[in-house]
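Here the structure is laid out as structure tokens; the discussion comes afterwards.
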Amino acid sequence: MKTQLEQRLVELRAEYESGQKILKDIEEKLVKLENGKKNLNETLLRISGAIELLEEVLGEESKSSTPEVSDSETSGSEVQEAESELKEVEVPPVIRLPLEHAVKKLEEAGLRVGNVGEKSVFVGGLRFGDVVQQEPRGGTHVDKGSAIDLIIAKKGKVKPNLSQNSVLSSFSDH
């Protein structure tokens with residue numbers, strides 16, 4: 001009986017050590033997966049910011065190129081509508097403008113700047129400090145004096161990969 005218990009003790013210790021090794025391997029893999037998840041989330045965030053910016057820019061361009069049709073005859077109700085619209089103003093598009101120019105353009109339209117936030121965005125042709133988002137969007141009508149929230153581009157914390165295997169390596173000064 002003692003021999004069987006000793007043998008069982010040896011088996012249990014071996015099983016315990018094996019379980020500890022498996023647990024350690026799983027924890028290492030979890031750390032790698034968490035790091036991969038974090039990197040993927042950061043990449044997706046940058047991509048979503050670029051998508052939002054490009055949609056905003058393309059939306060602004062299509063709105064500004066759409067001709068407006070006017071009717072020369074006006075009725076009494078149209079005059080009343082026009083008078084009530086005097087209290088409302090059209091939000092000018094300020095995407096891709098430097099913050100100072102955007103503020104000036106909004107103030108000229110009778111609006112004021114609300115909250116100003118920052119977002120890391122990596123899109124060609126965009127300078128740091130340029131407006132990348134505005135709410136409400138350009139072309140919408142709001143009450144005169146309303147606040148327009150802006151998001152400006154800021155420098156990101158991610159450095160480009162300039163290793164010899166990188167696509168960018170030919171542009172770096174190794």
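The values are calculated or read from the model by the stated rules, or taken from the named source; none is laboratory data. Since we're looking at a predicted model, the values are computed, not measured. The accessibility values were calculated without ligands, DNA or RNA, using every heavy atom of the protein model including side chains. Shrake-Rupley method; radii C 1.70, N 1.55, O 1.52, S 1.80 Å.
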ask   = From the phi of every residue in region 90-99, what ³J(HN,Hα) in whole Hz does the Karplus formula 6.51 cos²θ - 1.76 cosθ + 1.60 yield, where θ is phi - 60° and glycine or proline is x?
value = 7, 6, x, x, 10, 4, 6, 8, x, 3
Asp25 accessible area, 1.4 Å probe, all protein chains in place, Å² to nearest 10 = 80 Å²
query = Glu15 to Thr3: extension gain in nm, 0.36 nm per residue of separation minus the Cα-Cα distance?
reply = 2.5 nm
query = When each pair of different Cα atoms in region 1-62 is counted once in the 1/r mean, what is the Kirkwood radius in angstroms, to one decimal?
reply = 16.2 Å
key: Estimated vicinal HN-Hα couplings, Hz - region 31-39 in sequence order (Karplus 6.51, -1.76, 1.60; Gly, Pro = x)   = 4, 4, 5, 5, 5, x, 5, 4, 4
request  = Return the carbon/sulfur percentage of the accessible area of region 88-154, one whole number, probe 1.4 Å, all protein chains in place.
outcome  = 48 percent
request  = Per residue of region 45-55, in order, report the coupling 6.51 cos²θ - 1.76 cosθ + 1.60 (Karplus, θ = phi - 60°) as ³J(HN,Hα) in whole Hz, putting x for Gly and Pro.
outcome  = 5, 5, 5, 5, x, 5, 4, 4, 5, 5, 5
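If you stretched the chain out fully between Lys154 and Leu30, how much longer would it get, using 0.36 nm times the residue separation minus the C-alpha to C-alpha distance? Present the calculation step by step, with values, prior to reporting the outcome.
On the way: separation 124, 0.36 × 124 = 44.64 nm, distance 3.20 nm.
Taking 0.36 nm per residue and subtracting the Cα distance, the gain is 41.4 nm.
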task = Would you please report the Å³ per residue occupied by the convex hull of the alpha carbon atoms in region 88-154?
result = 63 Å³
